[in-house]
Amino acid sequence: MRAVHQLFDAYPRILDDPISARLIGPEALQQIHDPANRYRIPSARELRAHVVLRSRFAEDRLAGAVADGAKQYILLGAGFDTFAFRQPAWARELKIIEVDHPATQAVKRNRLALAGLTESPNTQLVTIDFERESLLDGLNRCSVAVDQLTFFSWLGVTMYLQEAAIDAVLRSVALFPAGSQIVLSFTQPPANRVTTAGEAPRSLAQRVAAIGEPFISYFGPEVLEVKLHQSGFSKVEFLSSAEARELYFKNRPDDLGVPPRIGLVSAVV
Ligand SMILES: C[S@@+](CC[C@H](N)C(=O)[O-])C[C@H]1O[C@@H](n2cnc3c(N)ncnc32)[C@H](O)[C@@H]1O
C-alpha cells in the first residue's frame, strides 16, 4: 500500500517512502502496474489511505517523542515498515528495534537482501511471536533498555491477536518509564464501521481470512480506552477524522481522502 501510494497518488503525499517500492520487488511492482489492477477502486484507496495515515501519524508522534527525549523506537509487528531505512536526521541517535513474527521477519530479511538494503547501525531486528512469548522476554534478546524513554508503534497488528496477547503486550509497554508512548491501530467491530457505498463491511476481514490471517480482535474506542487505562497508560487520545483532515488531507487533491476507518490511538505511560 505504501509503494502504491508513491506510484499512483498525487502530491503532496501523506507518506514519503521511496524505499517501499524497492522492498516489495519487481514482481509485486509489475502487479501494481497491471492495467486491471485493483488499487484504483474506492475500497483500495480507503485501505491505502488508512495504511499511509497510520505510518505518517506514528512517525509524526515519534518525532515529537524524540524531541521530548525518547531514545528508543520499537516497532511491534514491523512488517514491511521502512522507517529504519529512510531515517531523518533527528532519528540518528535513536535505537530502532523492529520486532516481528519469525515468519514475516524471515520474508523481510530475504526481500531486504534481494533489494540490496542493509540495516543502519542503529537498527536491530528481533523475532517474537506475541501469542507465545512475552514482549519483555523477547526484548531481552536485544539491547533494549527498559529504563529509557521509549516510543512504540503497533500498526496493523492487534486485529490478528487474541485479546490475552494484546493485554500482555500493553502491560509490558506500560512498564517502560513514564512519558513513554505507544501509537497503535485497531479495527472496530463490523457493526460500528463506516464504509463506502458498494463495499460490504466485512470485505477486508474476509479477504485477510481467505489468505489464512483472519481478524480475530475488534474494539470500539470506549472499550479500548478502558483497556489502555487498566494496562497502565495515563493519557489516551484517538485520532479523529477532523484532526486527520486538518493535519494530513486538507491541502492535497481528493484522490485520497480521510479514510472512513481511522482506528488510531496514542497512549502515554
Ligand atoms: C498487516 S501487517 C502490518 C505491518 C506494519 N506494522 C505496517 O504497518 O505495515 C501485520 C504484522 O503483524 C505481525 N504479526 C501478526 N501476528 C503476530 C504475532 N503473533 N506475533 C508477532 N507479530 C505478529 C505480522 O508478522 C505482520 O508484520
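Every number in this text was worked out from the coordinates using simple rules, so none of it is lab data. Owing to the predicted nature of the structure, the values given are computational and were not obtained by experimental measurement. Methodologically, a virtual Cβ is constructed for each residue, glycine included, from the backbone with ideal geometry; neighbour enumeration extends over all protein chains shown.
Miscellaneous remarks
- Residue that is farthest from the ligand (Cβ to nearest atom), among those in the stretch 130-142 that are of a type outside the set (S, T, N, Q) and in contact with a helix residue (DSSP H, G or I) (Cβ under 7 Å, 6 or more places away or on another chain): Leu136
- Residues of the stretch 10-43 classified as touching a residue at least 24 places away in the same chain (Cβ under 8 Å) and more than 19 Å from Asp81 (Cα to Cα), total: 8
- Scanning the stretch 78-104 for residues that are in contact with a strand residue (DSSP E or B) (Cβ under 6 Å, 6 or more places away or on another chain) and buried (at least 19 other Cβ atoms within 10 Å of the Cβ) returns Ala78, Asp81, Ala84, Leu94, Ile96, Ile97, Glu98, Val99.
- Positions within the stretch 143-152 being under 21 Å from the mean Cα position of the chain (by Cα) and away from the ligand (no atom under 13 Å from the Cβ), in sequence order: Val144, Leu149, Thr150, Phe151
- Within the stretch 110-140, the residues that satisfy the criterion of being within 26 Å of Met159 (Cβ to Cβ), loosely packed, with under 15 Cβ neighbours inside 10 Å and not acidic (Asp, Glu) are Asn110, Arg132.
- Subset of the stretch 44-85 that is part of a helix (DSSP H, G or I) and more than 16 Å from the ligand (Cβ to nearest atom) - its residue that is nearest to Ala178 (Cα to Cα): Ala65
- Unique match (being within 13 Å of the ligand (Cβ to nearest atom) and without any contact (Cβ under 8 Å) to a residue 12 or more places away in the chain) among Val107, Val157, Val99: Val107
- Residue list for the stretch 98-111, restricted to those being in contact with a Leu (Cβ under 7 Å, 6 or more places away or on another chain) and either among the hydrophobic types (A, V, I, L, M, F, W, C) or farther than 21 Å from Ser55 by Cβ (or both): Val99
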